[in-house]
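What follows draws every value from the coordinates through simple rules; no lab data is involved. Predicted, not measured: the structure shown is a model, and the values here were computed from it. Here the Cβ is made from the backbone with ideal geometry for all residues, glycine too, and neighbour counts use every protein chain on show.
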Amino acid sequence: CQTGEVAADPQLYDQSYLSPVTIGNSELMLDFDTGSADLWCFSTESPAAQSAGHGLYNPSTGTELDGAFWDITYGDQSAASGNVFADKVVVGGVTATKQAVEAATSVSYEFTEDVASDGLLGLAFSSINTILPQPQTTFFDTVRNSLAKAVFTVDLKKGAAGSYTFGYIDSSKYSGAITYVPVNTANGFWQFTADGYSAGGSDSSTGRGGVAIADTGTSLLYLPASVAKAYYSGIQGATFDFRQGGYTIPCSATPPDFNVAIGGKTFTVPGSYINYAPLRAGSSTCFGGIQADTGIGFSIFGDVFLKAVYAVFDDSGSSPRLGFAAQ
Ligand SMILES: O=C(CN1CCCCC1)Nc1ccc2c(c1)OCO2
């Protein structure tokens with residue numbers, strides 16, 4: 001019965017969180033992403049112009065999956081593609097002896113520029129793995145039956161190292177009870193329904209809830225346009241800046257706390273988390289941590305929300321469920 005824990009190191013402004021993973025005989029820093037289902041990394045096959053500064057996987061330790069290839073495009077239109085090897089992958093002591101490791105032969109500039117990240121480790125459902133002609137399992141699905149309990153947990157923090165655990169829930173990491181809600185796996189995401197939202201101390205709702213996904217790979221909190229609009233209407237100097245691609249606020253603002261009702265419980269995102277980051281170094285205008293989910297099709301509970309809670313991704317029962325507790 002395997003269990004394990006690995007650190008989640010925040011990158012600048014908590015834009016993403018990176019964790020050490022041993023693949024074959026190299027240790028790489030990967031972005032654990034509950035919003036996708038591919039484990040891919042920069043490799044010795046990647047063009048040098050794209051992989052400069054990144055840790056590389058050397059497929060010589062693996063066994064090539066003949067004829068298998070992968071090609072993924074994320075919601076922010078970043079992309080990567082390549083071929084596939086079966087190799088040993090170890091995360092916090094939890095070992096998958098033959099994990100599908102997707103070696104990149106091409107990546108978009110967003111990944112080239114993010115020199116701290118050597119790739120992604122997908123933790124969504126294997127139904128959306130992009131390997132063709134035969135999709136392969138995520139790391140969690142590969143090791144699931146060998147775990148003490150078929151769960152992983154997410155404990156991200158603002159500006160500090162958090163952790164992911166596999167195979168167990170750590171009661172020292174949260175307060176109060178864990179509130180569980182059912183997950184709809186039809187789209188391959190950890191998808192659930194949020195009941196409603198409100199701002200500040202008031203219980204004046206900023207809007208009804210809706211369909212949402214828990215996504216560690218997305219930095220911000222994308223909500224229905226009406227909820228985002230109502231939230232920013234309470235902040236002096238807040239504006240929707242279409243050139244910046246979303247709501248901005250004065251960096252000097254103190255945004256109100258943001259409350260989310262899930263499973264009949266209310267979880268609070270401190271207002272400071274929503275004063276996300278200066279548009280550019282030294283700017284006095286900041287990008288908002290809450291943005292509209294217009295065009296996405298569902299809300300995205302990314303890191304701005306997840307770093308305010310302890311989250312349990314539970315596939316140990318008859319159907320998957322998500323648990324949330326106050327941190
Ligand atoms: O693409 C992502 C997350 N993605 C995770 C892998 C690394 C690159 C970023 N999130 C996302 C998903 C939907 C979106 C969006 C962003 O912006 C608008 O719609």
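With a Förster radius of 30 Å applied to the beta-carbon distance between R208 and A49, the computed FRET efficiency rounds to 0.05. Between D9 and A177, the C-beta separation translates, for a Förster distance of 51 Å, into a calculated FRET efficiency of about 0.95. Residue by residue, the range 112-128 carries 3J(HN,Hα) couplings of 4, 6, 7, 5, 6, 9, 9, x, 10, 10, x, 10, 7, 7, 4, 4, 10 Hz when phi is fed to the Karplus relation 6.51 cos²θ - 1.76 cosθ + 1.60 (θ = phi - 60°); x denotes Gly or Pro. As a rough footprinting exposure proxy, the listed residues E64, E5 were ranked by other beta carbons within 10 Å of their own, and the order from fewest upward is E64, E5. The DSSP beta bridges internal to the range 1-74 are antiparallel in roughly 90% of cases.
Shown for D315, D14, D195: other C-beta atoms within 10 Å of each C-beta, ranked fewest to most, produce the order D195, D315, D14. Residues C1, C251, C286, C41, arranged from fewest to most other Cβ atoms within 10 angstrom of their Cβ, appear as C1, C251, C286, C41.
For the chain, C1, C41 stand unpaired, since no other cysteine beta carbon lies under 4.7 Å from theirs. Contact order, relative form, for the chain: 19 percent (alpha carbon pairs under 8 Å, 6 or more residues apart, mean separation divided by residue count). Compared with the alpha-carbon gap, the fully stretched path from S252 to D195 is longer by 17.4 nm at 0.36 nm per residue. One decimal place: the segment T185-D71 gains 38.9 nm when fully extended, by the rule 0.36 nm per residue minus the C-alpha distance. Along the range 92-102 the Karplus relation, 6.51 cos²θ - 1.76 cosθ + 1.60 evaluated at θ = phi - 60°, assigns HN-Hα couplings of x, x, 7, 10, 10, 6, 10, 8, 5, 10, 9 Hz to successive residues, with x for each Gly and Pro.
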